[in-house]
Amino acid sequence: MQHNDTARAVHTFDSSEDSASHARRLTAYFLQLASGKHAVRISERAVDLSQLVVSELVTNACKYAPGPITLELTLHGPAIEIAVWDSNPATPTVQAFDPSRVGQHGLEIVIALAQSFEVRSETAGKRIAACIALTHHPHINGERRIRF
């Protein structure tokens, strides 16, 4: 994992069954360092939500894209941007509501928790990014930005 003074970390790893748990640990470590080094106030809930979002995005990347995955964590004021790059250029889709469906709710969860959500095509593959508030969750009563 690379670090610099702008509170950004980038880590590339191979897709494996341990990738999501590895990414969750990296996220918790990044937030712990950011809290101390950059004097950012980070709630325990924000750490939990960030780890959940990372887990969902990395799990999807492992499931649907061959090859390496890149996790990028960046502090933006009172939020963390969580971005995952994978080699599959296909844009993910949120499935229609179906209370009897078991599984495949990860993207719904990420969008529900995020202040913003964006899918961007890259030269090779795609980048999916979500921002999570570090102290409170203003999007609950406000606007959220979602782009596909």
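The values are calculated or read from the model by the stated rules, or taken from the named source; none is laboratory data. The structure presented is a predicted model; accordingly, all values stated were derived computationally and were not measured. Cβ sites come from the backbone with ideal geometry, for glycine too, and all protein chains shown count toward neighbours. SASA here: full protein model, heavy atoms, side chains in, ligands and nucleic acids out. Shrake-Rupley method; radii C 1.70, N 1.55, O 1.52, S 1.80 Å.
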- Query: How would 45, 8 line up by accessible area, probe 1.4 Å, largest first?
  - Reply: 45, 8
- Label-point separation (nm) for residue 135 and residue 100, each offset 7 Å from Cα along Cα-to-Cβ? 4.7
- Message: Per 0.36 nm of contour for each residue apart, how much would the distance between residue 93 and residue 70 grow if the chain were fully extended, relative to their Cα-Cα spacing?
- Response: 6.2 nm
- Simple spin-label estimate for residue 12 and residue 119 in nanometres, 7 Å along Cα-Cβ: 2.4
- Which residue, chosen from 15, 128, 60, occupies the Cα position most advanced towards the positive end of the dipole of the chain, where the dipole is computed from +1 (Lys, Arg) and -1 (Asp, Glu) charges on Cβ about the Cα centre? 128
- Net dipole in debye of the chain [+1 Lys, Arg Cβ; -1 Asp, Glu Cβ; about Cα centre; nearest 20]: 260
- Note on the structure: Given GluC sites (Glu not before Pro), DSSP loops and at most 12 other Cβ atoms within 10 Å, the longest exposed-site-free stretch of the chain is 18-121
- Around residue 79, which amide H atoms from residues at least 5 apart in sequence, or from another chain, sit under 5 Å from its own amide H, with H modelled in the peptide plane? 134
- Item | Nearest-0.05 FRET efficiency for residue 111 and residue 21, computed from C-beta distance (R0 35 Å) | 0.95
- Item | region 1-99: translational diffusion in µm²/s, Stokes-Einstein, Kirkwood Rh over Cα pairs, 20 °C, 1.002 mPa s | 151
- Accessible-area composition of the chain, carbon plus sulfur, in percent [1.4 Å probe]: 52
- With all protein chains present and a 1.4 Å probe, how do 74, 93, 135, 12 order by accessible area, largest first? 93, 12, 135, 74
